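Scroll down for the structure; my scribbles are underneath it.
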Amino acid sequence: MPFQQNIWDNENLVKVLKADGVGVMPTDTLYGIVGKAKTEKVVNRIYTIRKRAPDKPCIILIGDIGELNKFSMTLSKEQENKIQEFKEPVSFILDCPDEKLSYLHRGTKTLAFRLPAQKDLQELLKKTGPLIAPSANLENLPPAQNISEAKKYFGDAVDLYIDGGTIKNKASKVIKLNKDGSVEVLRF
């Protein structure tokens, strides 16, 4: 997704997200409605705004693999190697039995993470911390392809919109990544 400028190098975006705000911005795939994954009230606010099914976990964007430690997770060497094999955006699901994170795993005892390839987006995530990032749409409606569509969905319910133009990409591939490095593809 080539942007004219680094849309993620935005101090206001960092400030809003660090202050437990919610924004709509381009991710590495689609527009997402984003907020701090480690803050339960932010996660719950996004579920409410998006009218997301409460038992459906969201993907978490991370700035580097080390951020999995923030969720009490470490990857096996086989899992790390498997992640490196993918060239397209891939969200990988890992087991997460930690009940303190039930507001994220929603009873599934798994969490989905994606490490974007874009260095600029990785830098934003290192400044804000991991972000929950479901697509920018109301449940069962198509993802917003531009800011106008996102505003029709959310209006002033979000704190900030970051315009990256029209985005017609598809959602990431979703895989279940087992400790032995084996993979189950859940979404192509």
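We did not get these values from a lab; they are worked out from the coordinates using the rules stated. Note that the structure is a prediction, hence the values are computed from the model and not measured. Every residue, glycine among them, receives a Cβ derived from its backbone with ideal geometry; neighbour counts consider all protein chains shown.
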The chain: Kirkwood hydrodynamic radius (Cα pairs, Å) comes out at 16.6
Neighbouring Cβ atoms within 10 Å as the yardstick, rank 86, 188, 92 fewest first. 188, 86, 92
Less than 10 Å Cβ to Cβ from residue 173, Lys/Arg counted +1 and Asp/Glu -1: what total charge do the surrounding residues give? +2
Show that you can apply the helix-only estimate: for the chain, add -39,500 (n - 2.57) for every DSSP H stretch of four or more residues, divide by all residues, and state [θ] at 222 nm to the nearest 500. -7500 deg cm²/dmol
Comparing 38, 100, 15 in a Gaussian network model of the chain (Cα, 10 Å), the one with the largest mean-square fluctuation is 100
A 24 angstrom limit on the alpha carbon distance is what I want to check against. Which of 18/100; 100/152; 36/82 exceed it? 100/152; 36/82
Pop the C-beta distance of residue 127 and residue 72 into the FRET formula with R0 = 22 Å and round what comes out to the nearest 0.05. 0.50
When DSSP assigns beta bridges and you keep just the ones with both residues in the range 54-188, what percent turn out antiparallel, to the nearest 5? 60
Trypsin sites (Lys or Arg not before Pro) lying in DSSP loop within the range 103-149, provided at most 16 other Cβ fall within 10 Å: 109
Given 56/179; 126/168; 77/126; 38/70; 51/151, the pairs whose alpha carbons are separated by over 19 Å: 56/179; 126/168; 77/126
Among 61, 42, 94 the positive-end extreme of the charge dipole of the range 38-106 (Cβ point charges): 42
